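Below: the structure, in structure tokens.
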Amino acid sequence: GQSLEQPSEVTAVEGAIVQINCTYQTSGFNGLFWYQQHAGEAPTFLSYNVLDGLEEKGRFSSFLSRSKGYSYLLLKELQMKDSASYLCAVILGGGSYIPTFGRGTSLIVHP
Amino acid sequence: DTEVTQTPKHLVMGMTNKKSLKCEQHMGHRAMYWYKQKAKKPPELMFVYSYEKLSINESVPSRFSPECPNSSLLNLHLHALQPEDSALYLCASSQVGTGPYEQYFGPGTRLTVT
């Protein structure tokens, strides 16, 4: 079967740096996506990794290690508006383009 | 235009009603999806259309009936729903192929079944 694990909740202080982890055990791998979802709203795409290493996009960076089945999302200079759920999703490959979502991590940013 | 639109935003329906949810995208995406999402849970895949053909039905009860009239439109017809079907229904679209390709989500329809 496929499994993606994320912590259920992470808290941090405004202005700080926070890391949200995602580990996966899947039968195939063709990429990992990170989405942000504010309460009651739709998920929005943040970043994706196909190869090992770090992808940087402004205040957000995502890292992937395929050999370890591990990814993290790094958020810098946290703002209150970053309080949201963060979902990792794996594309299994083998012709499939449909993501398998993790359960999401709720990030709470305190002043 | 990188927008997926959904109507209505909110829907309240009784268990004997028939209603439809609508989704539209003009990004030329050939895969369209319906998801159901309960509070504090990840989106749960219901249906996938690829090139206007139903390619995945995740054992969804027949009271949910999807339809893809053309490459830009996706409908979800609802009939005889149960209170536990109350949820946020999300439509998404993406490219199809070796990718990987991110999904673009609509704002969702908040459905309440009374």
How do the pairs read when you match residues in the range B:6-27 that are under 14 Å from residue B:113 (Cα atoms) with residues anywhere that are surrounded by 14 or more Cβ atoms within 10 Å (Cβ to Cβ) and of a type in the set (Gly, Ala, Ser), using Cβ under 7 Å and keeping only pairs 6 or more apart or on different chains?
-> B:15/B:80; B:16/B:80
With the checklist (1) over 15 Å from the mean Cα position of the chain (by Cα); (2) of a type in the set (Lys, Arg); (3) more than 27 Å from residue A:105 (Cβ to Cβ) in hand, flag the one item residue B:63 doesn't pass.
-> (1)
Checking residue A:60 against (1) surrounded by fewer than 15 Cβ atoms within 10 Å (Cβ to Cβ); (2) closer than 23 Å to residue B:99 by Cα, the condition it does not meet | (1)
Counting only residues that are out of contact with any Ser or Thr (no Cβ under 8 Å at 6 or more places or on another chain) and over 18 Å from residue A:11 (Cα atoms), how many does the range A:44-67 have?
-> 9
Does residue A:97 meet the test of being assigned to a strand (DSSP E or B) and over 10 Å from the mean Cα position of the chain (by Cα)?
-> yes
Residue within the range A:62-73 that is touching a strand residue (DSSP E or B) at 6+ places or on another chain (Cβ under 8 Å), under 15 Å from residue A:4 (Cα atoms) and within 14 Å of chain B (Cβ to nearest Cβ) present | yes
Which members of the range B:33-88 meet the condition of being among the hydroxyl-bearing types (Ser, Thr, Tyr) and within 14 Å of chain A (Cβ to nearest Cβ)?
-> B:33, B:35, B:49, B:50, B:51, B:55, B:86
Exactly one of B:25, B:95, B:82, B:103 is closer than 24 Å to residue A:106 by Cα and of a type in the set (S, T, N, Q), and that residue is B:103
Qualifying residues in the range B:104-114 (those that are out of contact with any Ser or Thr (no Cβ under 6 Å at 6 or more places or on another chain) and surrounded by fewer than 20 Cβ atoms within 10 Å (Cβ to Cβ)) - the one nearest to the other protein chains (Cβ to nearest Cβ) | B:107
Can you tell me which of A:19, A:2, A:79 is surrounded by fewer than 18 Cβ atoms within 10 Å (Cβ to Cβ), touching a residue at least 24 places away in the same chain (Cβ under 8 Å) and within 10 Å of the chain's Cα centre (by Cα)?
-> A:19
Take residue B:78 and decide whether it is assigned to a strand (DSSP E or B) and touching a helix residue (DSSP H, G or I) at 6+ places or on another chain (Cβ under 9 Å).
-> yes
What number of residues within the range A:22-43 satisfy the criterion of being part of a strand (DSSP E or B) and surrounded by 14 or more Cβ atoms within 10 Å (Cβ to Cβ)?
-> 10
Could you list all residues from the range B:89-103 that are at the interface with chain A (Cβ under 7 Å from one of its Cβ atoms) and under 15 Å from the mean Cα position of the chain (by Cα)?
-> B:90, B:94, B:103
Mind listing whichever residues of the range A:62-83 are part of a helix (DSSP H, G or I) and hydrophobic (A, V, I, L, M, F, W, C)?
-> A:80
Considering residues of the range B:66-88 that are of a type in the set (A, V, I, L, M, F, W, C) and under 15 Å from the mean Cα position of the chain (by Cα) only, the residue surrounded by the fewest Cβ atoms within 10 Å (Cβ to Cβ) | B:73
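Each reported figure results from applying straightforward, stated rules to the coordinates on display, with no laboratory input. Computed from a predicted structure; not experimentally measured. Virtual Cβ from ideal backbone geometry, glycine too; neighbours counted across all protein chains shown.
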